[in-house]
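Take a look at the structure set out below.
The values are calculated or read from the model by the stated rules, or taken from the named source; none is laboratory data. All values derive from a computational prediction rather than experimental measurement. We place every Cβ from the backbone using ideal geometry, glycine too, and count neighbours over all the protein chains shown.
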Amino acid sequence: MGLLSNLLLPGRLRTGPTVVLPAKTKPEAILEIVRLADPQAELDGNDVLAAATRIHDGVELTPDLQKKLGLDGEEKLWAHRVVAERPLPVDYYDKLLAAGLAYRLGGYCLCEGSADDPAEDVELEYVVYLPAVEESELTPALEKILGTEEDAAEGASPGVDDPTASSTETEANETADGHPDGDATTGDRAGSAPGSAASEAVEDQTDSGTEGASDAATEAGDESDDAESASDDVAPGSQDESDDTPEAPKARTSRWSSDGVYEAAGFRVSVTPVHRFPAAVAGLMPYATEVVRIAVSATEELDGDARMLDPGNVALALGTALDGPVVDHWGFQVFEPADLLPPRSV
């Protein structure tokens, strides 16, 4: 490496993208990982060529060089520059390649003066790529993996009050309180004190009149009860008829938004037609000119390995159901849950 290169090296490494690793890594090991992002990747001396991008052989960072890069300089580090040499398959592919490589080797991605740990990225998403497909074709697989509207309704139904029970209780209360006249008549009879024969005669006549009125009221009450009973007998039938006849079948609530987003069970699935896609997908679909990008992400903030495992497992299940390749946030293909985690978490 010449003097000029040594002078320019700190600026080039700081601008990046640069993969900063805690151990020296052989080019063959880097090539094996990079082929998850580009199956056609190959060695060029000690460099790795992948999708119009060159990953340079590692350079040991001296303590002085680490300080120039804003690193602490307390441990040995090796830096691999990632340089785009031709038009990239997707925007920022060189940065994605550097971050994905750093993620799998337990390192950092240095770009524009900032050294970031890809494992701490809070906006991770996992993507399934398919040939052109309609939302209606995706819905059965999504419902099987994430559940349906009916599944969500089952959890809420036990908390709903039974209107039939409430109506029955109300009718029972009305029946108990529905004859105040009878109680008042009994009270009047109990309050009458017979003091003379005349009063007894008057009382007899009053009792006779009261009994006649009571009989008439009882007959009227019986007729009213019969009418209410008949009404009660007819009401459920008529209600059933009204339920069966005029009500049209309920239309299922769609979870698809107008911009092609499906949300359920704490996950967001967005569907976008694309003309440019990662090299890993291009290698598996060599003749595809347009594919559908199905991105899976969590709608809420997750902690620890759940940030990778939860949306990643949904994407893997979706890829298995639809027979499509699954790639991670950086365009590296994943095949099983263990591929979702950085090496220090496995």
Q) Residues of segment 289-306 being farther than 13 Å from Phe267 by Cα, touching a residue at least 60 places away in the same chain (Cβ under 8 Å) and in a loop (DSSP other than H, G, I, E, B), which ones? A) Glu290
Q. Which ones in segment 261-288 are in a loop (DSSP other than H, G, I, E, B), touching a strand residue (DSSP E or B) at 6+ places or on another chain (Cβ under 9 Å) and under 30 Å from Pro87 (Cβ atoms)?
A. His275, Phe277, Pro278, Met285, Ala288
(Q) Looking only at segment 324-334, count every residue that is in contact with a strand residue (DSSP E or B) (Cβ under 8 Å, 6 or more places away or on another chain) and either free of Cβ contacts under 8 Å to residues at least 24 places away in the same chain or assigned to a loop (DSSP other than H, G, I, E, B) (or both) and tell me the total. (A) 5
**Q.** Complete set of residues in segment 124-136 that are more than 18 Å from Asp339 (Cα to Cα) and in contact (Cβ under 8 Å) with a residue 40 or more places away in the chain
**A.** Leu130, Pro131, Ala132, Val133, Glu135
Q: Being at positive phi and of a type in the set (A, V, I, L, M) is the filter here, so list the residues in segment 26-55 that pass it.
A: Ala51, Ala52
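Results for (1) surrounded by fewer than 15 Cβ atoms within 10 Å (Cβ to Cβ); (2) modelled with pLDDT under 90, shown as yes or no for each residue.
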| site | (1), (2) |
| --- | --- |
| Trp78 | no, no |
| Glu85 | yes, no |
| Lys95 | no, no |
| Cys111 | no, no |
| Leu124 | no, no |
| Leu130 | no, no |
| Glu143 | no, no |
| Glu149 | yes, yes |
| Glu171 | yes, yes |
Q. Among Arg293, Arg268, which is among the basic types (Lys, Arg) and in contact with a Leu (Cβ under 9 Å, 6 or more places away or on another chain)?
A. Arg293
Q: Would you point out which residue out of Pro337, Pro342, Pro286, Pro311 is surrounded by fewer than 21 Cβ atoms within 10 Å (Cβ to Cβ) and either under 20 Å from Ala99 (Cβ atoms) or in contact (Cβ under 8 Å) with a residue 40 or more places away in the chain (or both)?
A: Pro342
Q: Pick out, from segment 1-109, the helices (runs of 4 or more DSSP H) lying fully within it that include 2 or more residues that are without any contact (Cβ under 8 Å) to a residue 12 or more places away in the chain and not assigned by TED's automatic domain parsing to the domain that holds Asp305.
A: 3-15, 27-34, 63-68
